[in-house]
1. Any idea of residue 263's accessible area? Nearest 10 Å², probe 1.4 Å.
2. Can you sort 64, 113 by solvent-accessible area, 1.4 Å probe, largest first?
3. Can you tell me the equivalent ellipsoid semi-axes for the chain? Use √(5λ) from the Cα gyration tensor, largest first, whole Å.
4. Pairing the Cα long axis of helix 2-137 with the longest principal axis of the chain, what angle in degrees results, from 0 to 90 and rounded to the nearest 10?
5. What list of ³J(HN,Hα) couplings, whole Hz, do you get for the range 205-210 from phi and the Karplus terms 6.51, -1.76, 1.60, once you set θ to phi - 60° and write x for glycine and proline?
6. Keeping all protein chains in position, work out how much accessible area residue 52 exposes to a 1.4 Å probe, and write it in Å² to the nearest 10.
7. With contacts defined as alpha carbon pairs under 8 Å and 6 or more residues apart, what's the relative contact order of the chain in percent?
8. Once fully extended, how much extra length lies between residue 105 and residue 32, figured as 0.36 nm per residue of separation less the alpha-carbon to alpha-carbon distance?
Amino acid sequence: MTSLAVTLTLLLWLQLQEMVELTSRKTTDKVAAQDEAKRGRDKLGNVNNEIMRLKNENANLEGRVQELEKMVENETRDFSSRVSQRDTELEAMQQQMAAQLYELKELMDTKLRLDAEIAAYRRLLEGEEHRMVQKSSAGGRYSSQAQMSMGDYSPHAAKFVASESSSKTTFQRSSKGPISFAEVSLDGKFITLENTSKLKDLTLDSWKVKRVVDDGQEKLFTFPQRFILKAGKTVKIWANGQGAYRPPVELVFTESNSWGIGLNITTTLLTDKDEERATHVQKALP
């Protein structure tokens, strides 16, 4: 019995030791779990605090972004308004400049035409006075009358009136551009054209001079290819045998030895497309 009691006591003591160790381990695990839980709660609290801080910072940043967007929108609207106003003013200035340039061009063209008409009228007067002197010295009866007033003068036409005995002859010139008839000889020897532009050379490639005498006889001269009449220069077209061939200042109408003489003569400058650019009309009045 004693041996059995000792064995039982030993078993009980072993079981008790196991229970103590188990309890100790459970207590240790519980403490460790509690510590881990505490650390987890602390970490969670820190994370929550960081989240709140970031949320507040994000809210501030979003507010700043909205403020900046409004500022950009206002600046963009003001800039667009200024650009639109500037474009409107620029367009108005361009239109005004274009109008002034057009007006200046019209004034310059008018001045050039006036200068050309005055020069042509002066040449006509000088030529007629020379012929008057020659006829007077030959014993012929000749009287001339030149009439021209600023009120009757136009930049497109000059008129000369001459009378011999009881007859009168009028000369009228017109042009649609800078080229005009500077001189047309009454004896049919030559025709002179002038470029009244002071700046622009003009190409007369295949342009034509047509002269109709007394509604019947017609003369037609064609300018050579690539012929250029320089700005402010003249070209004299001689009838065949009446003058020298010295281009570009002198040409020769080889198809006829005279441009024609008559009472009613119309001389016309035509483009290569037969568009009328200048005329010189001689009419005999009763």
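1. My reading of the accessible area for residue 263 is about 110 Å².
2. On the way: 64 115, 113 40 Å².
If we order 64, 113 from most to least accessible, we get 64, 113.
3. Working: eigenvalues 2913, 115, 30 Å².
Here the semi-axes work out to 121, 24, 12 Å.
4. Compared with the principal axis, the helix lies near 10 degrees.
5. Values, residue by residue: 4, 6, 5, 9, 10, 10 Hz.
6. 100 Å²
7. Working: 392 pairs, mean separation 38.5, N = 286.
With pairs under 8 Å counted, the relative contact order is 13 percent.
8. On the way: separation 73, 0.36 × 73 = 26.28 nm, distance 10.38 nm.
Contour length minus the Cα-Cα distance gives 15.9 nm.
The values are calculated or read from the model by the stated rules, or taken from the named source; none is laboratory data. In this text the structure is predicted, and so the values were computed from the model without any measurement. Ligands, DNA and RNA are excluded from the accessible area calculation, which covers all protein heavy atoms including side chains. Shrake-Rupley method; radii C 1.70, N 1.55, O 1.52, S 1.80 Å.
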